[in-house]
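A.B. asks: If you scroll down you'll find the structure; I have some questions about it.
Nothing in this text is a laboratory measurement; each read-out follows from the coordinates by a stated rule. Remember, it's a predicted structure, so these values are computed and weren't measured experimentally. Cβ atoms come from the backbone with ideal geometry, glycine included; neighbour counts cover every protein chain shown.
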Amino acid sequence: MTAPAVRHIRLVTEIPGPRSCALLARRDAAVVAGLGRATPIAVASGQGALVTDVDGNTLIDFVGGIGTLAVGHCPPEVVQAIQAQAEQLIHLSALVGTYEPYVALCERLNVLAPISEPCKTLLSNSGAEGVENAIKFARAATGRPAIIVFDGAYHGRTLLTLSLTSRTYFKKKFGPFAPEIYRAPFPYA
């Protein structure tokens, strides 16, 4: 019996295929090298846990937007919700104005947080911004400047999050980095 995922994987060219190579060459010419590139895959579309590259190869997406896409690609309910919101308001900075869906989402997250005390939420533009704000909040609450991070972890591409990241691949030529960062091994049984 063939595993379900194997039936969905479809390779019609080598990876990367010719169209992917062309798009990757354009990327190399237009995008800074500091962004990095983990794979030579140039994606055209996605559905559920699958992505199809520009050459027509269908692959399993094991990273889901690096942890931000837990619902998979293009689930109909999410697409419909995005379309409905886009018909009302595409973006308004919460710094500039208040809008109901932003407040409703924050209220929902506050209820779902596994914390018995009252909670508040900050929605951020990226993981790096979230990490930096968490550090600011922790410093404000504790009065302590030092940060403990796990060895081998990736935190982002801003100067502070690069300071936290231990992988030198991401850090070449960007120092000096923030002080008071201490590394601990990740617990592993």
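A.B. asks: Name the long-range amide H neighbours of Asp55: under 5 Å, sequence gap of 5 or more, or other chain; modelled H, no Pro or chain starts.
C.D. replies: Distant-sequence amide H within range of Asp55: Ser20.
A.B. asks: Another question about this same structure. Find, among the chymotrypsin sites (Phe, Trp or Tyr not before Pro) in segment 5-105, those assigned to loop by DSSP (not H, G, I, E, B) with at most 15 other beta-carbon atoms within 10 angstrom.
C.D. replies: Phe62, Tyr99
A.B. asks: Please order Arg183, Arg108 by the number of other Cβ within 10 Å, starting at the fewest.
C.D. replies: Lowest count first: Arg108, Arg183.
A.B. asks: If you don't mind, another one. Once phi is turned into ³J(HN,Hα) by the Karplus curve 6.51 cos²θ - 1.76 cosθ + 1.60 with θ = phi - 60°, what whole-Hz value does each residue of segment 106-117 show in order, with x for glycine and proline?
C.D. replies: Ordered by residue, 3J(HN,Hα) equals 4, 4, 5, 5, 4, 5, 6, 4, x, 10, 7, 7 Hz.
A.B. asks: Taking amide H positions as placed 1.01 Å from N in the peptide plane, with prolines and chain starts having none, which residues 5 or more places from Arg183, or on another chain, fall under 5 Å of its amide H?
C.D. replies: Val149
A.B. asks: What are the ³J(HN,Hα) values, in whole Hz, obtained from phi via the Karplus relation 6.51 cos²θ - 1.76 cosθ + 1.60 with θ = phi - 60°, for each residue of segment 138-145 in sequence order, with x given for Gly and Pro?
C.D. replies: Taking θ as phi minus 60°, the curve returns 5, 5, 5, 6, 9, x, 9, x Hz for segment 138-145.
A.B. asks: Check which residues have an amide H placed less than 5 Å from Leu50's amide H, if you skip close sequence neighbours.
C.D. replies: Placed amide hydrogens put Asp61, His73 under 5 Å from Leu50.
A.B. asks: Using just the C-alpha positions of segment 112-177 as equal point scatterers, what log10 of I(q)/I(0) does the Debye formula give at each q in 0.23, 0.27 1/Å?
C.D. replies: Results for segment 112-177 at q = 0.23, 0.27 Å⁻¹ read -1.08, -1.25.
A.B. asks: So how long is each side of the chain along the principal axes, counting just the alpha-carbon atoms, biggest first, in Å?
C.D. replies: Extents along the principal axes, in whole Å: 57, 44, 41.
A.B. asks: Taking 8 Å as the Cα distance limit and 6 or more residues as the minimum spacing, I'd like the relative contact order of the chain as a percentage.
C.D. replies: 13
A.B. asks: In whole Hz and in residue order, list the ³J(HN,Hα) couplings for segment 151-166 that follow from phi through the Karplus curve 6.51 cos²θ - 1.76 cosθ + 1.60, θ = phi - 60°; x for Gly and Pro.
C.D. replies: 4, x, 7, 10, 10, x, 10, 6, 4, 5, 5, 5, 4, 6, 5, 8
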